[in-house]
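Presented below is the structure to which this report refers.
The values are calculated or read from the model by the stated rules, or taken from the named source; none is laboratory data. Everything numeric in this text was worked out from a predicted model, so none of it was measured. Using ideal geometry, Cβ is built from the backbone for each residue, glycine included, and neighbour counts are taken over all protein chains shown. Heavy atoms of the whole protein, side chains included, go into the accessibility calculation; ligands, DNA and RNA do not. Shrake-Rupley method; radii C 1.70, N 1.55, O 1.52, S 1.80 Å.
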Amino acid sequence: MPGAHEVAYKGDPWFNVGKKTFALFTDGRAIMKLDRGRQELLFEVRPQTFARCKVATVHWSWVELDHLDEAELGELVLEAWSQIVPKKVSRPFLGR
């Protein structure tokens, strides 16, 4: 994903573009910045896997990693990345 890089914070991996974080992993769970509408649906239909996580003034998603397969995790990370990069960066990459 263009611009994405990993940084360590207190020993946990965080994934950023510039200084903006889109996903971080800690204690077998992830916190991800997902599309607001989709995450609200996931909170409702898969509460054992997705829960609200307050980040500043908005909600991100707590994600139980043990409940996901590799493909779904990859899709979620890509979605989180696309939430913070400019559309001129994400559209060409996602259109592949």
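Figures for the structure shown
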| read-out | value |
| --- | --- |
| Cα lying deepest toward the dipole's positive end in the stretch 9-96, options Gly18, Val63, Val45, charges on Cβ | Gly18 |
| Cβ-placed point charges (K, R +1; D, E -1), dipole of the stretch 29-85 about Cα centre in debye, nearest 20 | 400 debye |
| Gaussian network model of the chain, Cα within-10 Å springs - most flexible of Glu79, Glu44, Glu64 | Glu44 |
| Phe43 - accessible surface, heavy atoms, 1.4 Å probe, Å² rounded to 10 | 20 Å² |
| ³J(HN,Hα), Karplus 6.51/-1.76/1.60, whole Hz, each residue of the stretch 11-24, x for Gly, Pro | x, 9, x, 10, 10, 10, 10, x, 9, 8, 8, 10, 7, 9 |
| Compactness relative to 2.2 N^0.38 Å, alpha carbon Rg of the chain | 1.04 |
| Portion, in percent, of the accessible area of the stretch 1-41 that falls on carbon or sulfur, probe 1.4 Å | 54 percent |
